[in-house]
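Enquirer: Got a structure here, written out as structure tokens. Questions coming.
The values are calculated or read from the model by the stated rules, or taken from the named source; none is laboratory data. Since the model is a prediction, treat every value here as computed from it, not as a measurement. A quick note on method: Cβ atoms are made from the backbone with ideal geometry, for glycine too, and the neighbour counts reach across all protein chains shown.
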Amino acid sequence: MPWWGLPLLLFFVAFFLGMLAVLGGVGGGVLFVPIVSGFFPFHFDFVRGGGLLIALSGALAASPRLLSAGLADLRLALPLCLIASLFSIAGAVIGLALPTNLVQVLLGGTIIVVSFIMVKTKYSANRNRRGEDLLGNILKLSGIYREESTKEQISWKAQNTVPGLVTFSFVGLIAGMFGLGAGWANVPVLNIMMGIPIKVAVGTSKFIISVTDTSAVWVYLNSGAIFPVIVTPAVVGMMLGTRIGVNMLKKIRPGSLRYFVIVILFFAGLRTLVKGFGI
Amino acid sequence: MITEGSNEKEEQKRYARVLDLSAKTGFLGVVLSYMIYLFRILPEKISSDEMQKIWSFGPEYYITVSGAGRESGWLGLVAYSDFLLFVPIIFLSSVTTWCYLSILPVFLKKREFLFAGICFAEILVFVFAAFGGSGFSAH
């Protein structure tokens with residue numbers, strides 16, 4: 001195969017994953033890392049570095065519109081980002097220091113758990129919780145967004161801010177260690193634990209990824225674990241696939257491919273786990 | 001659109017503006033630099049054969065073969081098309097820092113010192129991640 005064969009194949013795989021990620025309601029990184037590490041000959045460190053850059057690029061592209069539309073809340077995100085980005089650095093350092101096989105086993109196991117979480121998790125459009133949240137009040141973590149489907153103004157107020165911060169430390173650690181965007185973890189924490197409406201939770205999660213992954217990417221860059229020759233076609237492919245996926249989303253029922261994606265995720269996790277055991 | 005008072009979300013609007021412009025510039029740079037590499041407009045440092053070994057052997061081999069060293073070692077090799085690819089990647093990795101720097105004055109002007117402090121702390125985290133490289137190493 002000519003040298004450009006595998007980067008070209010990677011471009012098309014990333015393109016397809018970008019479409020699938022949008023239609024299935026997942027992030028690109030959580031599909032990219034286990035699938036590419038399971039089926040391509042690239043070193044695992046390069047795949048993880050690529051996964052982080054893909055997640056980062058997607059988040060950078062989407063965040064301006066999400067912030068402008070009020071679907072991502074900057075004030076809500078800032079304290080969560082600070083904790084998550086600190087721990088993502090730690091995760092990246094730990095992940096690069098551990099033996100590759102061990103990290104692959106841990107990643108495979110995590111992806112399998114993620115697929116079960118995605119099956120079980122029931123999101124709520126609007127969660128009106130009772131009770132006071134002292135830290136949330138101090139930080140004034142509340143907002144209003146316009147729900148386009150019903151044309152109504154939905155107000156929200158964050159709850160359980162301290163547990164949310166603690167949980168985001170683990171999310172950051174996992175994101176940095178495995179090269180994932182961790183949207184699959186951000187959204188349940190924001191929606192179920194902190195009572196944020198699902199659309200704002202998804203938008204804010206995307207924004208949080210842009211900050212968390214920035215910190216972790218620098219660790220991979222400084223360690224030589226970013227290989228631009230393969231990262232660049234993957235980033236471009238994912239960005240284009242995401243765009244096509246968003247256009248298709250207007251015609252296809254949202255989440256219609258969710259279970260298909262969950263099955264792919266499960267088998268990709270299984271493949272990564274098996275590869276980690278040297279099989 | 002943001003539905004609260006315009007002053008209350010000024011920092012959010014500013015962040016979005018800076019991010020939009022910076023991200024688009026970065027992505028354009030990614031595409032252009034790869035075109036330069038693909039069409040060999042500039043020479044490459046690492047041959048195609050060696051490159052196929054690197055992507056299997058990993059970061060330590062990459063650092064040894066390229067002679068780039070860790071952290072900012074690639075800077076000295078930017079005249080080569082395969083290392084020029086790092087420029088837009090570094091730019092994209094820096095975008096969030098510029099965005100935070102752009103909203104820090106907004107929080108200070110509004111005397112929201114808690115959020116200004118969070119913002120400043122995050123900038124320090126980015127700086128630590130970017131320049132604390134001597135403490136990080138691939139296995």
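Enquirer: Among the residues of the range B:76-89, which ones are more than 7 Å from chain A (Cβ to nearest Cβ) and not hydroxyl-bearing (Ser, Thr, Tyr)? First the steps, then the outcome.
Expert: Taking the range B:76-89 and keeping what is more than 7 Å from chain A (Cβ to nearest Cβ), we get B:76-81, B:83-84, B:87-88.
Answer for the range B:76-89, where residues must be more than 7 Å from chain A (Cβ to nearest Cβ) and not hydroxyl-bearing (Ser, Thr, Tyr): B:GLY76, B:LEU77, B:VAL78, B:ALA79, B:PHE83, B:LEU84, B:VAL87, B:PRO88.
Enquirer: Would you be able to tell me the number of residues in the range A:137-177 that are among the aliphatic types (A, V, I, L, M), more than 12 Å from chain B (Cβ to nearest Cβ) and not in a helix (DSSP H, G or I)? Show your work before the answer.
Expert: So the first thing to find is which residues in the range A:137-177 are among the aliphatic types (A, V, I, L, M), and the list is A:138-139, A:141, A:144, A:154, A:158, A:162, A:165-166, A:171, A:173-175, A:177.
Next, from what is left, pick out any that are more than 12 Å from chain B (Cβ to nearest Cβ): A:158, A:162, A:166, A:171, A:173-175, A:177.
Next cut, not in a helix (DSSP H, G or I) only: A:158.
Looking only at that region, the number is 1.
Enquirer: Would you confirm, using the coordinates I've provided, whether A:SER63 is buried (at least 22 other Cβ atoms within 10 Å of the Cβ), among the hydroxyl-bearing types (Ser, Thr, Tyr) and more than 8 Å from chain B (Cβ to nearest Cβ)? Even if it seems obvious, please write down each step before you answer.
Expert: Details: buried (at least 22 other Cβ atoms within 10 Å of the Cβ): yes; among the hydroxyl-bearing types (Ser, Thr, Tyr): yes; more than 8 Å from chain B (Cβ to nearest Cβ): no.
For A:SER63, the condition - buried (at least 22 other Cβ atoms within 10 Å of the Cβ), among the hydroxyl-bearing types (Ser, Thr, Tyr) and more than 8 Å from chain B (Cβ to nearest Cβ) - is not met.
Enquirer: Right, another one. Only one residue in A:LEU52, A:LEU9, A:LEU56 is over 20 Å from A:GLY224 (Cα atoms) and part of a helix (DSSP H, G or I). Which one?
Expert: Working: A:LEU52 fails: over 20 Å from A:GLY224 (Cα atoms); A:LEU56 fails: over 20 Å from A:GLY224 (Cα atoms).
Within the list A:LEU52, A:LEU9, A:LEU56, the selection yields A:LEU9.
Enquirer: For residues in the range A:201-240 being surrounded by fewer than 24 Cβ atoms within 10 Å (Cβ to Cβ) and more than 10 Å from every other protein chain (Cβ to nearest Cβ), which is nearest to A:ILE54 (Cα to Cα)?
Expert: Among those residues, the one meeting the criterion is A:LEU240.
Enquirer: Filtering the range B:68-122 down to residues that are modelled with pLDDT under 90 and closer than 25 Å to A:ILE209 by Cα, which residue is surrounded by the fewest Cβ atoms within 10 Å (Cβ to Cβ)?
Expert: Initial filter on the range B:68-122 (modelled with pLDDT under 90): B:68-83.
When the remaining residues are screened for being closer than 25 Å to A:ILE209 by Cα, the result is B:71-72.
Numbers: B:GLU71: 18, B:SER72: 15.
Only one residue fits best here, namely B:SER72.
Enquirer: Looking only at residues that are buried (at least 21 other Cβ atoms within 10 Å of the Cβ) and within 15 Å of the chain's Cα centre (by Cα) in the range B:23-41, which one is nearest to the other protein chains (Cβ to nearest Cβ)?
Expert: Per the criteria, the residue is B:ALA23.
Enquirer: A:ALA61 is checked against (1) aliphatic (A, V, I, L, M); (2) touching a Phe, Trp or Tyr at 6+ places or on another chain (Cβ under 8 Å); (3) under 16 Å from A:ALA225 (Cα atoms) and fails just one. What number does that condition carry?
Expert: It is condition (3) that A:ALA61 fails.
Enquirer: Having 2 or more residues that are touching a Gly at 6+ places or on another chain (Cβ under 7 Å) is the bar; report the helices (runs of 4 or more DSSP H) wholly within the range B:15-113 that clear it. Reasoning before the result, please.
Expert: Working: elements: B:48-57, B:59-66, B:81-84, B:86-109.
Where helices (runs of 4 or more DSSP H) fall fully within the range B:15-113 and carry at least 2 residues being touching a Gly at 6+ places or on another chain (Cβ under 7 Å), they are B:59-66, B:86-109.
Enquirer: How many of the residues in the range A:59-105 are under 24 Å from A:MET238 (Cα atoms), over 17 Å from the mean Cα position of the chain (by Cα) and outside any helix (DSSP H, G or I)?
Expert: Going through the range A:59-105 one residue at a time, the tally reaches 1.
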